[in-house]
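Quick notes on the structure that follows.
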Amino acid sequence: MRIGAIEAGGTKIVCGIGNENGEIEDRFSFPTEGSERTLDHIIAYFLDKGVEAIGIGTFGPINIDPASELYGYVTTTPKPGWSGYPFLGTLKKAFDVPFGWDTDVNAAAYGEAVWGAAKGLDSCVYYTIGTGIGVGVYAEGKLVHGLVHPEGGHMLTRRHPEDEFEGICPYHEDCLEGMAAGPALEKRWNMKGSELPLEHPAWAMEAYYIGQAVTGAILMLSPKKIILGGGVMQQKQLLPMIRTEVQNNLKGYVSSDAITTNIQEYIVSPGLGNNAGLCGALALGWAAAKNRIS
Ligand code: ADP
Ligand code: ZN
């Protein structure tokens, strides 16, 4: 089956073609511009591709409530030209195929559950720690949507005792994203995250905040796997530091070997690596195709 996939990020859009085994056969990426121009590029890419379904994992906030008149819209983003834009509807007018539609992080969580680090499990939580922080939640074999969709990147945090940084979230200042996303690292330390040396205190502080969030996710959702992706997680020293923070926070209270002894297999990098986002969209497209067939 030829399935289309769209990974729509705030800075770039990746379009691709793949199959039901999670194999990407073609991909094309371009910068995210205004909504109409961007959609023109997406439509042009898929015109001669003969796809049988398309999955979209996108930046948000978006409307994912099928009962709503605004289903398929981008809602309140500050990104110029995107707020109130019918992203899904515009594509539906161009292609008569089933569509999957969800947040970029829910898509990534789903892709990881179908083909990646959480394969065979019925729950996982996926974090991206990049330009922003986003969280996708897969529980009891379904993506969690709820009232709007999970927004765990904006959870409130307990401040590190040595941290005087005010935070950069335009809504909450010192929420998780405001304290620990890539741009927060850069502003606090006056240096790009990728240039901060390995032994810099930035990393202990970063692990402190992410560890707090992951601890909360474990306590609230009891997921069977936690997956940490995004540009900041390219700092390989962070993952073991975050695992230690989580163990120190929980102090043995959650009595599972997955946390007390095998945490290196529990809090992990994306199994699909840099393809997590696009494969997630592909998995949404595949699910949409199967729904139409069944
Ligand atoms: P996006 O979130 O826009 O989809 P990324 O996940 O690549 O994109 O995240 C980009 C952010 O990650 C930027 O703030 C960048 O500074 C930061 N980043 C990228 N590479 C690294 C690195 N090696 N170490 C630390 N931070 C990084
Ligand atoms: Zn916030």
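Points worth noting:
- Leading residue by the ranking (nearest to ligand 1 (Cβ to nearest atom)) among those in segment 112-140 that are in contact with a helix residue (DSSP H, G or I) (Cβ under 9 Å, 6 or more places away or on another chain) and among the acidic types (Asp, Glu): 112
- Applying the condition of being surrounded by 15 or more Cβ atoms within 10 Å (Cβ to Cβ) and not basic (Lys, Arg) to segment 188-199 and asking which residue is farthest from ligand 2 (Cβ to nearest atom) yields 196.
- Some residue of segment 36-46 being in a loop (DSSP other than H, G, I, E, B), in contact (Cβ under 8 Å) with a residue 40 or more places away in the chain and not acidic (Asp, Glu): no
- Under the condition of being of a type in the set (Phe, Trp, Tyr) and surrounded by 17 or more Cβ atoms within 10 Å (Cβ to Cβ), the residues counted in segment 148-187 number 1.
- Pick from segment 191-204, criterion in contact (Cβ under 8 Å) with a residue 24 or more places away in the chain and outside any loop (DSSP other than H, G, I, E, B), ranking: farthest from ligand 1 (Cβ to nearest atom): 204
- Scanning segment 129-154 for residues that are within 16 Å of residue 268 (Cα to Cα), away from ligand 2 (no atom under 15 Å from the Cβ) and not small (Gly, Ala, Ser) yields 137, 138.
- Hits in segment 50-61 - residues which are modelled with pLDDT of 95 or more and either buried (at least 16 other Cβ atoms within 10 Å of the Cβ) or within 16 Å of residue 146 (Cα to Cα) (or both): 51, 52, 53, 54, 55, 56, 57, 58
- Residues considered: 272, 284. Of these, the only one that is touching a strand residue (DSSP E or B) at 6+ places or on another chain (Cβ under 7 Å), under 30 Å from residue 53 (Cα atoms) and modelled with pLDDT of 95 or more is 284.
- In segment 158-178, the condition of being part of a strand (DSSP E or B) and aromatic (Phe, Trp, Tyr) is met by no residue.
- Residue satisfying condition, being under 21 Å from the mean Cα position of the chain (by Cα) and either assigned to a helix (DSSP H, G or I) or small (Gly, Ala, Ser) (or both), within set 89, 50, 81, 72: 72
- Residues of segment 180-205 that are under 22 Å from residue 150 (Cα atoms) and either out of contact with any Cys (no Cβ under 9 Å at 6 or more places or on another chain) or outside the structural domain of residue 240 (by TED's automatic domain parsing) (or both): 180, 182, 183.
- Residues being surrounded by fewer than 22 Cβ atoms within 10 Å (Cβ to Cβ), of a type outside the set (D, E, K, R) and assigned to a loop (DSSP other than H, G, I, E, B) are entirely absent from segment 205-221.
- Residue match in segment 244-267 (condition: under 23 Å from the mean Cα position of the chain (by Cα), over 16 Å from residue 107 (Cα atoms), touching a residue at least 12 places away in the same chain (Cβ under 8 Å) and outside any helix (DSSP H, G or I)): yes
- Filter pass, residue 188 being basic (Lys, Arg) and assigned to a loop (DSSP other than H, G, I, E, B): no
- Only one of the numbered conditions (1) among the aromatic types (Phe, Trp, Tyr); (2) in contact (Cβ under 8 Å) with a residue 40 or more places away in the chain; (3) more than 25 Å from residue 23 (Cα to Cα) is violated by residue 110, and that is (3).
The values are calculated or read from the model by the stated rules, or taken from the named source; none is laboratory data. As the structure is a prediction and not an experimental result, all values here were calculated from the model. Ideal geometry is used to build each Cβ from the backbone, glycine not excepted, and the neighbour counts take in all protein chains shown.
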